[in-house]
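A short write-up of the structure that comes next.
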Amino acid sequence: MTRFALGLVGVLAFSTVSLAGPGELFAEKEKDFGISPKGTVLVHYFRFTNTTKETITLGQPRVSCGCVTPALTSNRVAPGETAAVIAYMDTKRIPHAGITKTVLVYVPFQGPQFEEVALKVTTVTRDDLMMSPDTLAFGNVVKGKGATVSTKVTFTSDPKWTVNKATSTGGFVNVEAKLASHSGSIVTYDITATLDKECPAGNWTSDVLLDTSNAAVAKLRIPVTVNVTVAVAALPERVSFGDVKMGAATAEQKVTIQGSTPFKILEIKGADDQLTVKVEKDSAKPVHTVVIAANPTATGGFTRSVEIVTDNKDQPTVIVPVTAKVVSK
């Protein structure tokens, strides 16, 4: 299994300092979906991040064909924030199967400088190809649990059709193809994807690629989606006090410990005479508030690791790193 290119809905960059235009935000401005069954909705995220010192403002995108609906994850992207232009291509609205359909998505960047960026999506739909469902969607999966999903791929115009190879574009997903049925010219394969238990938390996308024996559908793409969640999460995940004056008033921060079901906090580890942690341990509830307070006694770097022990079987411990820079008065 290849480790891993499941794409977190994330970002790529440009800089106005180097006089790069908004068009250079995108590592890719074209997406070829390849062969797709007639009736599916194809989705692609064109991603970027704002690495400039100014807020980027985007207008409403327009398209060259009504078979594509554009959307923005945000129309104002502050410095350091991430965003994406999403293209939803509804193949039911493509009038003719068997021909290449290319649609342009025009994205107006209105500030800090104006430029309209053209993004391109392409596919060829086929009436003799079916996928049910058309996405390998794991849904929400608790980290460490793993999961399995499957789809059926049917080709109706080649009695000798075979799926010769099934691969994933990213790791943490194993894929297997098995012949399910063969009746005349109609051939159906079961495609099964298994999510590795070690897949990290996050909202991930990937593709399963099928190499087949028919040149007209030589390579087929099946989207993979999964949202891996943790049973118990700390928000924020780490505590940074920044500059702390030695001998000054104790610095405090609150951390929310949240679970998918009610749980108890059994024990706190990592506290000492320079770091205190306060939490109510008596009751089981889905959300707990932990107060972490630092009172360092020496200048320089200050690092600690707070371990929160819970009775949640799926995630018995949560680690919260704590850092500060201690300066003299």
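Fully extended, how many nm does the chain gain between Tyr88 and Thr261 (0.36 nm per residue separation, minus their Cα-Cα distance)?
Values: separation 173, 0.36 × 173 = 62.28 nm, distance 3.44 nm.
Once the chain is fully extended between Tyr88 and Thr261, it gains 58.8 nm.
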Portion, in percent, of the accessible area of the chain that falls on carbon or sulfur, probe 1.4 Å: 49
For Ala180, residues with placed amide H under 5 Å, excluding near neighbours: Thr188, Tyr189, Asp190
Rounded to whole Hz, the Karplus (6.51, -1.76, 1.60) HN-Hα couplings of the stretch 228-244, x for glycine and proline: 8, 10, 9, 5, 9, 10, 9, 10, x, 6, 9, 10, 10, 7, x, 7, 10
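Whenever you get a sec, line up Phe241, Phe33 from highest to lowest accessible area (probe 1.4 Å, protein heavy atoms). Show your work: numbers first, answer last.
Working: Phe241 30, Phe33 5 Å².
Per-residue accessible area, sorted high to low, gives Phe241, Phe33.
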Top of Ala271, Ala84, Ala118 by mean-square fluctuation, Gaussian network on the chain, Cα under 10 Å: Ala271
Solvent-free Debye scattering, log10 I(q)/I(0), computed from the Cα coordinates of the chain at q = 0.09, 0.15, 0.16 Å⁻¹: -0.68, -1.19, -1.24
The stretch 56-103, relative contact order in percent, only Cα pairs under 8 angstrom and at least six apart counted: 37
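Once you list every other residue whose beta carbon is under 10 Å from the beta carbon of Thr169, what net charge do they have if Lys and Arg are +1 and Asp and Glu are -1? Kindly include the intermediate steps, with their values, before the conclusion.
Values: positive: Arg221; negative: Asp207.
Spelling it out: positives minus negatives among the neighbours equals 0.
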Accessible surface of Leu235 - all protein chains present, 1.4 Å probe, nearest 10 Å²: 100
Mean Cα-pair separation over length for the chain, i.e. relative contact order, pairs under 8 Å, 6 or more apart, %: 14
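Among the lysines in the stretch 65-159, how many pairs, 8 or more places apart or on different chains, have alpha carbons under 20 Å apart? Write out the running numbers ahead of the final one.
Numbers: Lys92/Lys101; Lys92/Lys120; Lys92/Lys152; Lys101/Lys120.
Here the count comes out as 4.
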Per-residue SASA entry for Val244, accessible area with 1.4 Å probe, Å² rounded to 10: 10
Top of Val287, Val149, Val173 by mean-square fluctuation, Gaussian network on the chain, Cα under 10 Å: Val287
Dimensionless Rg over Rh [the stretch 230-329; C-alpha; Kirkwood]: 1.02
Long-range amide H partners of Glu116 with built H, under 5 Å: Phe109
Accessible heavy-atom area order of Glu267, Glu307, highest first, probe of 1.4 Å: Glu267, Glu307
Kirkwood Rh in Å, taken over the stretch 139-223 so that all alpha-carbon pairs contribute: 13.8
Three-way shape label, the stretch 111-152, alpha-carbon gyration tensor, a/c 1.5: oblate
Inter-label distance, nm, simple model (7 Å from Cα along the C-beta direction), Ala137/Ala293: 4.8
Where the chain is the region considered: accessible area per residue in Å², 1.4 Å probe: 50
Spin-label model distance (nm) - Lys38 vs Lys197, 7 Å beyond Cα toward Cβ: 4.6
Probe 1.4 Å - accessible area at Asp128, Å² to nearest ten: 30
Ile186/Glu81 FRET efficiency (R0 41 Å; Cβ-Cβ; nearest 0.05): 0.25
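The values are calculated or read from the model by the stated rules, or taken from the named source; none is laboratory data. Computed from a prediction, not measured in an experiment: that's the story for all the values here. Don't worry about glycine lacking a Cβ; one is built from the backbone with ideal geometry, like all the others, and counts go over all protein chains shown. Remember, those area values only see protein heavy atoms, side chains included, never the ligands or the DNA or RNA. Shrake-Rupley method; radii C 1.70, N 1.55, O 1.52, S 1.80 Å.
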